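Just so it is clear, none of the values below were taken in a lab; they were calculated from the coordinates. Note that the coordinates shown come from a computational prediction; the quantities given were computed from them, not determined experimentally. Note that we place each Cβ from the backbone using ideal geometry, even for glycine, and neighbour counts take in every protein chain shown.
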Amino acid sequence: MTARTILIIGAGIGGLTTALAFARNGDDVDIVEQAPSLSEVGAGLQVSPNASRILIALGLGDALRQAMITPHEIVLASGRSLRKITHVPCGAFAADRWGAPYGVMHRADLQTMLLDAVLAHPRCRLHLDQRATSSEIAGLPDRLGLSRPDLVIGADGVWSEVRRLVPGASSPRFSGQVAWRFKVKTEETRRALNPTNVTAFLGPRTHLVAYPLEQGKTINIVAITRGSDPGKTWAERENPAARMELLSAFSDWHPDLVSILRQAPEMTWWPLFEVPDGRWHAAGGPVLVGDAAHAMTPFAAQGAAMAIEDGFELAQACARAPGDLASTLEAYVTNRRARIGRARSRGAFNQFAYHARGPIRLGRDLVLALKSPESLAAELDWLYGYRANGL
Ligand SMILES: Cc1cc2nc3c(=O)[nH]c(=O)nc-3n(C[C@H](O)[C@H](O)[C@H](O)COP(=O)(O)OP(=O)(O)OC[C@H]3O[C@@H](n4cnc5c(N)ncnc54)[C@H](O)[C@@H]3O)c2cc1C
């Protein structure tokens, strides 16, 4: 098979995974990234088995094992009383059931392990500090002295420039939800938070997810509630008005959780944008992966996992059909669209259930309490047990 030349715009989790997957199949890959260095923004990330399976297949198993913490349980609890509503076992149960580990880790660690693998791969070249604009992507290879690509891949996130080259692509829209992210020292949260679990505390129109990072020394917290549209932005430092809004949204929560929010060190504030269903590719390319194609709210914690699946599946599809790129991309997108639609629906369902109020909340708690952890796990088989390209 003749090696293809691939040009990837964006070196986030999606772009770096895509680069490794193509390089592993013998293709030559250039990655163009606007940032002068890859210092990761954000805090923690849940890495579900559908994603960890791919990272392991790409040779990152050892690095993953070192960086990832495997929680004992994924717990749903009341944000007002801290009462446990239900749980899904994790650890060995998850690894046995879904064939790969479920873990939590610092995003920076995931990005660094991907970056190290890309930099070590003889077929990958990373070009930092190079912002691509839609009007000059065609001229980018000449400007940077690169070979002319057979395929351009847009992995440039929610505000993608490559997406402008895809007729019929959707534009990002504000979801109405904002997330605050921060870390606290574990010893300061012991009364409210169990550092061995991923816990989602649920409240009317709000929820808060907490899980350990850094060998359990810190707890990563993501608090999500409604907010107003800030316009085109990604993550921002909080300001005093935003902190007041947060405290007011969580004011009737358990005092221990309110106190954690009140005393939290500086938080980052993330307006949550989605890219609704639209076209992801033009005939023969470019093709979009990850948030550039289908950014979703983090209610199912699947955005990065889907970007990882995209990159791997796209590389496999191209390797299996070395000839006609147009029909390969068409088949790839058709296949991925069904899965992304299901992951999105799961996120919407979680949002409805997590933020429920009044009688719906009571009904939710009753239904969840009646289900066995085993049956809750079974509802996730299609998501976590997924084997991209038969892995
Ligand atoms: C609060 C929150 C919690 C989350 N939690 C989880 C979780 O637990 N699990 C999970 O799986 N997902 C989670 N996600 C989703 C996940 O973070 C994203 O889906 C994922 O990071 C998308 O990766 P990406 O590579 O597609 O895009 P990005 O991470 O946005 O990367 C895009 C890259 O492209 C570069 N770029 C952009 N424009 C250009 C340009 N014009 N030229 C060159 N380079 C460019 C950027 O600098 C960046 O490096 C969460 C998201 C949020 C907001």
| Proximal lysines to K217, defined as alpha-carbon separation beneath 21 angstrom and excluding residues fewer than eight positions away on the same chain | K183, K185
| message | Show me the trypsin sites (Lys or Arg not before Pro) within region 279-361 that DSSP assigns to loop and that have at most 13 other Cβ atoms within 10 Å of their Cβ. | response | R357
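Suppose only helical runs count, i.e. DSSP H with n ≥ 4. What mean residue ellipticity at 222 nm does that imply for the chain under -39500 (n - 2.57) per run, divided by all residues and rounded to the nearest 500 deg cm²/dmol?
-11000 deg cm²/dmol
Compute the Kirkwood hydrodynamic radius of region 148-303, taking the inverse of the mean of 1/r over all pairs of distinct Cα atoms, and give it in Å to one decimal. It would help to have the intermediate numbers written out before the result.
On the way: mean 1/r = 0.0581 Å⁻¹.
That comes to 17.2 Å for region 148-303.
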| If you take the square roots of the eigenvalues of the alpha-carbon gyration tensor of region 297-391 and sort them as a ≥ b ≥ c, do you get rounded (a/c under 1.5), prolate (a/b over b/c) or oblate? | prolate
| task | Let me know the shape class of region 233-310, please: from the alpha-carbon gyration tensor, a ≥ b ≥ c as square roots of the eigenvalues, rounded when a/c is under 1.5, otherwise prolate if a/b is greater than b/c, or oblate. | result | prolate
| note | Per the 1/(1 + (r/R0)^6) rule, R0 = 41 Å and r from the Cβ atoms of K232 and L366, FRET efficiency to 0.05 is 0.45
| note | Per GNM of the chain with C-alpha springs under 10 angstrom, the most fluctuating residue out of P240, P71, P141 is P240
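Given +1 on the Cβ of Lys and Arg, -1 on the Cβ of Asp and Glu, and no further charges, what dipole in debye does the chain carry about its Cα centre, rounded to the nearest 20?
Details: 42 positive and 38 negative charges, 209 e Å.
The dipole of the chain has a size of about 1000 debye.
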| request: Would you pull out the residues with amide H under 5 Å of M267's amide H, same chain only if 5 or more places away, H placed 1.01 Å from N? | output: E238
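Using the 2.2 N^0.38 Å rule of thumb for compact globular proteins, work out how region 8-167 stacks up: its C-alpha Rg over that value, please. Working shown, then result.
Numbers: Rg = 18.6 Å, N = 160, 2.2 N^0.38 = 15.1 Å.
Rg over 2.2 N^0.38 Å, computed on Cα atoms: 1.23.
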| query | When the chain is fully extended, how far beyond the present Cα-Cα distance does A95 get from R205, taking 0.36 nm per residue of separation? | reply | 36.3 nm
| note | Connecting every pair of Cα atoms under 10 Å apart in the chain and solving the GNM, the largest mean-square fluctuation among S375, S52, S160 falls on S375
| note | Under a Gaussian network model of the chain whose springs join Cα atoms within less than 10 Å, the largest fluctuation of L64, L202, L380 belongs to L380
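Please find the FRET efficiency linking R143 to W382, where r is the Cβ-Cβ separation and R0 is fixed at 41 Å, and quote it to the nearest 0.05. Write out the running numbers ahead of the final one.
Working: r = 44 Å, r/R0 = 1.08.
It comes to 0.40.
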| field | C-alpha center-to-center spacing [region 1-58, region 312-391] in angstrom | value | 21
| note | Over all pairs of different Cα atoms in the chain, the reciprocal of the mean inverse distance gives a Kirkwood radius in Å of 21.5
| query | Which of the aspartates and glutamates could a cross-linker bridge to K84, judged by Cα under 18 Å and excluding same-chain residues fewer than eight apart? | reply | E73, D252, D256, D365, E374
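Compute the longest continuous run of the chain that contains no exposed GluC sites (Glu not before Pro); treat a site as exposed when its DSSP state is not H, G, I, E or B and it has at most 15 other Cβ atoms within 10 Å. All intermediate terms of the calculation are to be shown ahead of the outcome.
Numbers: sites that count: E266, E379.
It runs 1-265.
Ratio of alpha-carbon Rg to the 2.2 N^0.38 Å globular estimate for region 1-88, to two decimals, please. Before the final figure, lay out each step's value.
Working: Rg = 18.1 Å, N = 88, 2.2 N^0.38 = 12.1 Å.
Taking N as the residue count of region 1-88, the ratio is 1.50.
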